[in-house]
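S.K.: Attaching a single structure in structure tokens format; questions to follow.
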Amino acid sequence: MTTKLFDRRAIPPGAIESRWTAPDGHLIRRIDWSEPSKARGSLLFMPGRGDAYEKYLEVLDHWHGQGWRVTAADWRGQAGSGRFGLDEVTGHISEFTEWTADLSAFWREWAEGRKAPLVLVGHSMGGHLALRAVAERGLVPAAAALILSAPMLDVPPEVLPLALKHAFARFMASLGDARRPAWKWSEKPGELPEGRQALLTHHDERYADELWWRHERPELVMATGSWGWVAGALASIRWLNRPGALEAIDLPVYIVATRADRLVGSRAIHQAAKRLPRARTLWFGPEAGHEILRESDAVRQRALAGIDAFLEEVLPT
């Protein structure tokens, strides 16, 4: 039985939404929780493709309750931070380095004056970009720990070589405007595709929360990615796959993943964890969809307990 102690459809009292100005002037949304009663450090959460921080209010509030100064932000071109596609719902980016540059600049300003430790958390595409920013040595000051939820380290089908998938995506992007949608979103315009929830979470109410926020804040609605996004994603995945890239990341990394994931490659996550010198993993099976932190209570609580215990071990209070 779900015990609803937190209102997932309201910005928590004391949390402040604002805009961060990127170095090129682009405005990006952020949300900051109030100072916890006994602060143990600061935590920055970055969501996945097509995501918005509204979906994660519950888990962010959990970490605030654990004593973390919590912040979350959009990626440029997503949620309430604009669009670069041919329409208002297609997600486009030319190069993933645009996003890691944003993350590095945001991190530098966010970290200024904050007492260590500093923790970076990323889900799905956000996990990929967090890992890449660390691999690029773009986070100054350095993060003390990295938490990855279902990180996008490959895209299905995993049986196809990355180079082949990347070559195909580049070819498709070259056939027309790279900002055009790469796949069909729904048979009915404006509606979510059938079977979408089965990919994400078994929890009906948490899935419905996303739909509620999309209705309340239409600017959050995002559908398919562009061919430019697909090509950029595969190029960035190949960059992380270079020999020595992950082996050089010398900080504690905790990865939460599910073998039932149909949106990102679970085999790639397993291989990456073996290459990261200080990585630990918590694996789920068919009980968990892609959005583990928004899953049924048993899955979600186990994931959060694992993350909390890891942070307490590597960053003791």
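The values are calculated or read from the model by the stated rules, or taken from the named source; none is laboratory data. Please read these numbers as outputs of a predicted model, since none were measured by experiment. Note that we place each Cβ from the backbone using ideal geometry, even for glycine, and neighbour counts take in every protein chain shown. Heavy atoms of the whole protein, side chains included, go into the accessibility calculation; ligands, DNA and RNA do not. Shrake-Rupley method; radii C 1.70, N 1.55, O 1.52, S 1.80 Å.
S.K.: Please work out the average accessible area per residue across the chain, using the 1.4 Å probe convention, and give it in Å².
M.R.: On a per-residue basis, 43 Å².
S.K.: Quick one: work out the % antiparallel among DSSP beta bridges in the chain, nearest 5.
M.R.: 30 percent
S.K.: Quick one: if the Förster radius is 41 Å, what FRET efficiency do Q271 and S34 give, using the C-beta to C-beta distance and rounding to 0.05?
M.R.: Given R0 = 41 Å and the Cβ-Cβ separation, E is 0.55.
S.K.: What ranking, highest mean first, results for peptides 245-256, 229-240, 268-279 when packing means the other Cβ atoms within 10 Å averaged over each residue?
M.R.: Peptide ranking by packing, descending: 229-240, 245-256, 268-279.
S.K.: How large is the Kirkwood hydrodynamic radius of segment 33-79, in angstrom, based on all distinct alpha carbon pairs?
M.R.: For segment 33-79, inverting the mean 1/r across all distinct Cα pairs yields 11.1 Å.
S.K.: How much FRET efficiency would the formula 1/(1 + (r/R0)^6) give for A167 and W283, where r is the Cβ-Cβ distance and R0 is 41 Å, rounded to 0.05?
M.R.: Here the calculated transfer efficiency is 0.85.
S.K.: Of the listed values (i) 18.3, 56; (ii) 19.1, 55; (iii) 19.4, 61, grab the one calculated as Rg and Dmax of the Cα atoms in Å from the structure here.
M.R.: (i)
S.K.: Over the Cα atoms of segment 110-233, what is the Rg over Rh ratio if Rh follows Kirkwood?
M.R.: 1.02
S.K.: Determine how large the accessible area of D7 is when every protein chain is in place; take a 1.4 Å probe and give Å² rounded to the nearest 10.
M.R.: Rounded to the nearest 10, the figure is 80 Å².
S.K.: Could you work out the helix-only [θ] at 222 nm for the chain, with each DSSP H run of four or more residues adding -39,500 (n - 2.57) and the total divided by the number of residues, to the nearest 500 deg cm²/dmol?
M.R.: -10500 deg cm²/dmol
S.K.: Okay, next question. Taking the Kirkwood radius as the inverse of the mean 1/r across Cα pairs, report the Rg/Rh of segment 1-93.
M.R.: 1.02
S.K.: Turning to a different aspect of this structure: Give the calculated FRET efficiency between L192 and A10 to the nearest 0.05, with a Förster radius of 25 Å applied to their Cβ-Cβ distance.
M.R.: After rounding, the FRET efficiency stands at 0.65.
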